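Step one of this worksheet: look at the structure below.
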Amino acid sequence: RALPIYNKSLGDECTEGPQFDFDFEEHQIMDDIQKTFRKNGRKKIGKLKKAKMFFDRVAKKDPRFLRKIMQEVGLIELLTELGDDSSNQGLMISTAQYYNLRNDFRKALTYSLKVLEKNPDNSNALQSAIISYRGLGEPRDALALGVRYESTKPDDIDALYIIAELYVKVLDYKRAKVYLQKVLRKNDSYQNAEQLLEECIRAEAIEKKAA
């Protein structure tokens, strides 16, 4: 089976043209769909709605792509709303979260950091930016925000564990242990926490021997 690609002119909802062959790997098909959308669908806000209609059709044609396409549709809807209300912090945070889901961490940061410029203690924006920096392999930037996030959400056990992981990445085992102990006090069976704590203790012991 084949599915029509979204028309490059975005003048029609969907036209016969280059075909997607469903014998291809799923990721190849989604890459083609997303490239077409990124290249053409965001040129003008008015055309986002037409892009959304296209993705709706793709989802109906083949349910295999439903989850990924619904993410695309959700993002299109957010971008459309942002076009009408560009200062809405809730929409910016939601957009950042969507980009994080797509592993487009740089793009996600453009939205979460805008919120943090005006509202430095917004916990949702902090959380989103931490995820972005972590995904980009920038643990020090993530840690700087992690400490701020902890002050707004001190009982977020998942965030405490992530902060511990980040300290391990920068080889600060002493601080990592502090956060892992906080995690284990809240939940002594938290997944991987005890194992990571033991790794920190071993790493510290090796450092002491080498000193």
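The values are calculated or read from the model by the stated rules, or taken from the named source; none is laboratory data. Treat the numbers as computed from the prediction; the structure is a model and nothing was measured. Don't worry about glycine lacking a Cβ; one is built from the backbone with ideal geometry, like all the others, and counts go over all protein chains shown. The protein model used for the area step is the full one, side chains on, heavy atoms only, and it has no ligands, DNA or RNA in it. Shrake-Rupley method; radii C 1.70, N 1.55, O 1.52, S 1.80 Å.
Screening Tyr173 on (1) modelled with pLDDT of 95 or more; (2) under 29 Å from Ser86 (Cβ atoms) shows it passes everything except condition (2). When Tyr111 is tested against (1) in contact (Cβ under 8 Å) with a residue 24 or more places away in the chain; (2) aromatic (Phe, Trp, Tyr); (3) under 27 Å from Ser86 (Cβ atoms), just one condition goes unmet, and that condition is (1).
Specify the residue that is nearest to Ala142 (Cα to Cα); the eligible residues are those in the range 158-172 that are more than 19 Å from the chain's Cα centre (by Cα) and open to solvent by 40 Å² or more (accessible area, probe 1.4 Å). Checked the range 158-172; the qualifying residue nearest to Ala142 (Cα to Cα) is Lys169. Looking at the range 157-184 only, could you name the residues that are assigned to a loop (DSSP other than H, G, I, E, B) and of a type in the set (Val, Ile, Thr)? Listed by number, the list holds a single entry, Val170. Considering only residues that are in contact (Cβ under 8 Å) with a residue 24 or more places away in the chain and assigned to a helix (DSSP H, G or I), which ones fall in the range 133-144? Once the filter is applied, which keeps residues that are in contact (Cβ under 8 Å) with a residue 24 or more places away in the chain and assigned to a helix (DSSP H, G or I), the range 133-144 yields Tyr133, Arg134, Gly135, Pro139, Arg140, Ala142, Leu143.
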